[in-house]
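> Sharing a structure with you now.
The values are calculated or read from the model by the stated rules, or taken from the named source; none is laboratory data. Since this is a predicted model, take the numbers as computed values, not measurements. Ideal geometry is used to build each Cβ from the backbone, glycine not excepted, and the neighbour counts take in all protein chains shown. Side chains are part of the model used for accessible areas, which takes the heavy atoms of the whole protein and leaves out ligands, DNA and RNA. Shrake-Rupley method; radii C 1.70, N 1.55, O 1.52, S 1.80 Å.
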There are 2 protein chains.
Amino acid sequence: MQLDDSSRITIVEVAEYAGVSTATVSRVINKSGQVSTEAATKVYAAIDALNYKPNAAARGLASRRTNAIGLLVDEINSEFFQPMLRGIEVTARASGMSLLISSTGGMNKASPPYPLGENNTDGLIVFADSLPQEELIRLHKIGFPLVLLHRSSPPNFNIPCVTVENKEGARRMVNYLIKERGYRRIALLEGPDSHEDAQWRKLGYQEALAAHAIPFDPNLIFRGGFNERQAYTTVSHWLEQKPNAEVIFAADDDSAIGAMMALKEAGLRIPEDIAIVGFDDIRLAAYLDPPLTTVRAPIEQAARIAVEQLVKVIHSETVELITLLPTELVIRRSCGC
Amino acid sequence: MQLDDSSRITIVEVAEYAGVSTATVSRVINKSGQVSTEAATKVYAAIDALNYKPNAAARGLASRRTNAIGLLVDEINSEFFQPMLRGIEVTARASGMSLLISSTGGMNKASPPYPLGENNTDGLIVFADSLPQEELIRLHKIGFPLVLLHRSSPPNFNIPCVTVENKEGARRMVNYLIKERGYRRIALLEGPDSHEDAQWRKLGYQEALAAHAIPFDPNLIFRGGFNERQAYTTVSHWLEQKPNAEVIFAADDDSAIGAMMALKEAGLRIPEDIAIVGFDDIRLAAYLDPPLTTVRAPIEQAARIAVEQLVKVIHSETVELITLLPTELVIRRSCGC
DNA sequence: TTATGCTATGTAAGCGCTTACATCAAACTA
DNA sequence: TAGTTTGATGTAAGCGCTTACATAGCATAA
């Protein structure tokens, strides 16, 4: 099966049909330069009659713009992605940009060549730890438009970033557990070190403890990895040591789910024997048994804003360097209320 | 912020650095034609030293190939998308293809110009009802590579398609409800008419009834729309009429969730007062209360295969015209066992 | 009238690659 | 030995657009 070359319509055919030059056709299509209404009408008619579609590669080559943005993620492995992708896709399309998506392989093992970059897009949304810092810096140094999503800029580089109030959300959650629920021994099921959301949430946890003069206990810190299975394994092992935590703060809902499974298997009642809370408020959270108390993160909104920022950077407009979206405590039964 | 033009390196710089012609560099990059090991080594060294990345637009223009495939969906509005996107992205990348994603707006209101097509991709995965049949036929007629996902070919056009055994899965589910559970009055909460999965599932439902000589009762058919909210509304209204169904077969899990919510609000116990089953086995299904009996659809696998087929079509290899992946009954408590 | 500024349009030079074709040396064949 | 094949490489012509620059027509100013 082959595309029929002879029938391929180019700007030349359109120009001939409309009785104008290719430059005028180009001006009409791009709404650039001055064109009389009369000429524009003829061009539109020709485009319609011939069913002409401008060749994206030729446009890109001539204009040195691809009209495409890229989304780089580490791995499409969580429910988290649906609202994020939705936000990005809708906003990109509304901005007249094509959207290229690629993952860098998961497992934090991204290595060159990277699938998306200055050679095939006008700018990149870099999600979390999908790209090593050195590549980020290389792209930024050559002036390539970049917006970070759920990750902050390397020091001294001022790459715009959009994320949620991770530290503040975690702080408020832990604060709530201490003040309203009276817990003192709060375990943290932390996310991957490489993932910045994880670091901020841990910091919020520590700050809340400090604010109530509760000493930080490293024995209450465990690795959940933003991952149901890993959390399950970690918590299962942990339970064998008869820990005396009153509540687990899982750094995301996925790991909370894994933890809950481990707790139930160990015969512990939630929240009577041990309470648990999460972070993100993925759809599933409300359906768990018991429903999960968590911190709602405006994932889709963050994604939309990231694209808007990126488009501005591409157009050389100024943008906020840091956009932090507020989170919201969602109290359900798993925390013991 | 601007890309520094002077520092942009092209194939010419690489050729000079390596002491060969641009043609040789091109041959090395594309592994086409004959190149001595010696020359290849020099070229690779030059590419490395200069950090050269071939310009995608220029390649596309010269070769008349974009090395990109497109995924067209109606709307990214369901958990369904995560495994599907994952399958498509991973397979596309493994095939050396870039992935462009666009939605056509949802609400079944796709209209030209379509964001993806012969001008910017080498081929398209068309999901469900994201594209009107006439555009599908236009693309197919000009020989543009197309693979349909969760949709079958328009009659007489033989566009390859990949989907799951919708009819068979529904038939087996309804058969199970009749034979194993003894139900006779089985309501169907059907999907959107425009969505082919919905049509096949309904057909399977009808065949199972017929096989057990249970008359088809139009009063037991309701519109769930593959959509939690719509299903909730429909079922709420339906309950006001005191229907005497013993079980609801929701055409997908999302609508099953909406239906369950409506049933619970009406004070009905599941499955004692009325049972319910779904289709797809999204992650949430296992966590519902009670856990949802459903039909497991291999969504990620279907996506992978669709991309593999598309790549074959692009390379003018022959492919299966119809790929039907088997589904599996997942029995949980919501059906009354 | 002639000069001056605008607007509308055309001409043509690339953008950075791929690839058909030409070329030439080395390795065969008879 | 001369003729033929084969492998390795280079030359250069586009691919289908955009856009700097040139030009022409017309209104307005001097």
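> Find all pairs meeting these conditions: Cβ atoms under 6 angstrom apart; at least six residues apart or on different chains; first residue within region B:25-49 and within 17 Å of residue A:113 (Cα to Cα); second residue open to solvent by less than 50 Å² (accessible area, probe 1.4 Å) and more than 10 Å from DNA strand C (Cβ to nearest atom).
Filtered contacts from region B:25-49: B:28/B:40; B:28/B:43; B:43/B:18; B:46/B:18.
> Name the residues in region B:20-51 that are away from DNA strand C (no atom under 12 Å from the Cβ) and among the basic types (Lys, Arg), would you?
B:42
> Among the residues of region A:150-164, are any within 15 Å of residue A:294 (Cβ to Cβ) and in contact (Cβ under 8 Å) with a residue 12 or more places away in the chain?
yes
> Same structure again: Would you pick out the residues in region A:261-287 that are on the phi < 0 side of the Ramachandran plot, open to solvent by 10 Å² or more (accessible area, probe 1.4 Å) and touching a residue at least 40 places away in the same chain (Cβ under 8 Å)?
A:270, A:271, A:272, A:282, A:283, A:286
> Would you confirm, using the coordinates I've provided, whether residue A:302 is under 27 Å from residue A:126 (Cβ atoms), crowded, with 24+ Cβ neighbours inside 10 Å and among the small types (Gly, Ala, Ser)?
No: the conditions fail for residue A:302.
> Would you confirm whether or not region B:1-10 contains a residue that is surrounded by fewer than 18 Cβ atoms within 10 Å (Cβ to Cβ) and away from DNA strand C (no atom under 12 Å from the Cβ)?
Among the residues of region B:1-10, at least one is surrounded by fewer than 18 Cβ atoms within 10 Å (Cβ to Cβ) and away from DNA strand C (no atom under 12 Å from the Cβ), which makes the answer yes.
> Scanning region B:282-302 for residues that are charged (D, E, K, R) and in contact with a helix residue (DSSP H, G or I) (Cβ under 7 Å, 6 or more places away or on another chain), which turns out nearest to the other protein chains (Cβ to nearest Cβ)?
B:283
> Starting from region B:51-77, take each residue that is at the interface with chain A (Cβ under 7 Å from one of its Cβ atoms) and list its partners that are part of a helix (DSSP H, G or I) and among the polar types (S, T, N, Q), counting only C-beta distances under 7 angstrom and pairs at least six apart or across chains.
Cβ pairs passing all conditions: B:76/A:82.
> Quick check on this structure: which one of B:292, B:310 is buried (at least 16 other Cβ atoms within 10 Å of the Cβ) and not assigned by TED's automatic domain parsing to the domain that holds residue B:159?
B:292
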